[in-house]
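S.K.: What follows is a structure written as structure tokens; I'll ask about it next.
Every number here is computed from the coordinates shown, using simple stated rules; none is lab data. Since the structure is predicted, the reported quantities are computational estimates derived from the model, not experimental observations. Ideal geometry is used to build each Cβ from the backbone, glycine not excepted, and the neighbour counts take in all protein chains shown.
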Amino acid sequence: MNVLTYPVATEKAIRAIESENTITFIVDMKATKKMIAKEIEKKFKAKVLNVRTLITTEGKKKAYVRLNKESPAIDVATQLGMI
């Protein structure tokens, strides 16, 4: 199973990267918070503080991943080519 489907690059998501050190992903519906955190830490070598998830009205699962201060979300966004 591919846990992370794709990053969200809306205006609100970019603002969250800058102000809250939080990066937003659309994830697999069966993915748990622990699976999402493990995948982010493995792929981007970034420490995850917490993961919040929600199901959108389109029926997709969205994950807000807050990173540790030592792991700036802007670096992860740059690696993904969002910024």
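S.K.: Given H placed on each backbone N at 1.01 Å, which residues far from Ile83 in sequence or on other chains put an amide H within less than 5 Å of it?
M.R.: Thr78
S.K.: To the nearest 20 debye, what is the magnitude of the charge dipole of segment 4-80 about its Cα centre, counting +1 on the Cβ of each Lys and Arg and -1 on the Cβ of each Asp and Glu?
M.R.: On the way: 16 positive and 9 negative charges, 72 e Å.
In total the dipole reaches around 340 debye.
S.K.: Classify segment 1-48 as rounded, prolate or oblate, taking a ≥ b ≥ c as the square roots of the eigenvalues of its Cα gyration tensor: rounded when a/c is under 1.5, otherwise prolate if a/b is larger than b/c and oblate if not.
M.R.: Oblate is the answer for segment 1-48, as a/c is 1.5 or above yet b/c matches or exceeds a/b.
S.K.: From the P(r) of segment 4-80, could you give the percentage of C-alpha pairs in the tail past 14 Å?
M.R.: 56
S.K.: Sorted from fewest to most neighbouring beta carbons within 10 Å, what does the list Leu80, Leu67, Leu4, Leu49 look like?
M.R.: Fewest to most other Cβ atoms nearby, the residues stand as Leu49, Leu80, Leu4, Leu67.
S.K.: To continue, here is another question. Please sort by residue number the GluC sites (Glu not before Pro) in the chain whose DSSP state is loop and whose Cβ has at most 13 other Cβ atoms within 10 Å.
M.R.: Glu58, Glu70
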